[in-house]
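What follows is a single structure, written as structure tokens, with notes after it.
The values are calculated or read from the model by the stated rules, or taken from the named source; none is laboratory data. Small disclaimer: the values here were computed from a predicted structure and weren't measured. Cβ coordinates were reconstructed from backbone atoms using ideal geometry, including for glycine residues, and neighbour counts include every protein chain displayed.
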Amino acid sequence: MKTASVTPSDIKKKWLLVDASGQTVGRLSTEIARVLRGKHKPSFVRHLDCGDNVVVINAEQVKFSGNKLLDKVYYWHTGFIGGIKAARAEEVLAKHPDRIIRTAVKGMLPKNKLGRKVIKNLKIYAGSDHPHSAQNPEPIGDRIASKGNS
């Protein structure tokens, strides 16, 4: 009996659509990271990008639990000496709502070449319009919303 191993030619990628309106950032990000990695598929392999492409819409309407909207601080460094910058979640959500979800999902992916490749399959848009209608993304927001509430 042989063990069947998945090869890159065997991988079938789908396009999925997630509506982030009213979703909590952490619960939404864990599901997106799981789908990006491909862990929801029976043909999951750790060393290949076998996940699906995910389009997130309404990123500006995501929620934070507790006081995180005011207390959570995002840090980054400019690369210059003394160039550490900081912004509260409230400011980042107002200016760049896509960065909130991208940062959360990126932290849940592997910190290697595969993680850098997988994060490129995530497309985030602040409003409800997106340019990926030709790919016919199928909505999965109901699965994520029901899973988060139960």
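Brief remarks follow.
- Test: residue in the range 110-132 that is in a helix (DSSP H, G or I), at pLDDT 95 or above, in contact with a strand residue (DSSP E or B) (Cβ under 7 Å, 6 or more places away or on another chain) and of a type in the set (A, V, I, L, M): no
- Subset of the range 1-26 that is assigned to a loop (DSSP other than H, G, I, E, B) and among the hydroxyl-bearing types (Ser, Thr, Tyr) - its residue that is nearest to LEU69 (Cα to Cα): SER21
- For LYS72, the stated conditions hold: it is charged (D, E, K, R), more than 30 Å from LYS14 (Cβ to Cβ) and either in contact with a helix residue (DSSP H, G or I) (Cβ under 8 Å, 6 or more places away or on another chain) or modelled with pLDDT under 95 (or both).
- For the range 22-38, a tally of residues being closer than 18 Å to LYS120 by Cβ and not hydrophobic (A, V, I, L, M, F, W, C) returns 4.
- When the residues of the range 99-116 are filtered to those that are farther than 15 Å from VAL56 by Cβ and not aliphatic (A, V, I, L, M), the one that is surrounded by the most Cβ atoms within 10 Å (Cβ to Cβ) is GLY115.
- ILE119 vs. criteria surrounded by fewer than 17 Cβ atoms within 10 Å (Cβ to Cβ) and without any contact (Cβ under 8 Å) to a residue 40 or more places away in the chain: no
- Search result, residues across the range 37-77 that are over 21 Å from GLN23 (Cβ atoms), without any contact (Cβ under 8 Å) to a residue 40 or more places away in the chain and surrounded by fewer than 18 Cβ atoms within 10 Å (Cβ to Cβ): LYS41, PRO42, SER43, PHE44, ARG46, VAL73, TYR75, TRP76, HIS77
- Output for the range 57-90, where each listed residue is assigned to a strand (DSSP E or B) and under 29 Å from HIS132 (Cβ atoms): ILE57, LYS63, TYR74, TRP76, ALA87
- Some residue of the range 27-34 being assigned to a loop (DSSP other than H, G, I, E, B) and either more than 19 Å from the chain's Cα centre (by Cα) or closer than 26 Å to ALA134 by Cβ (or both): no
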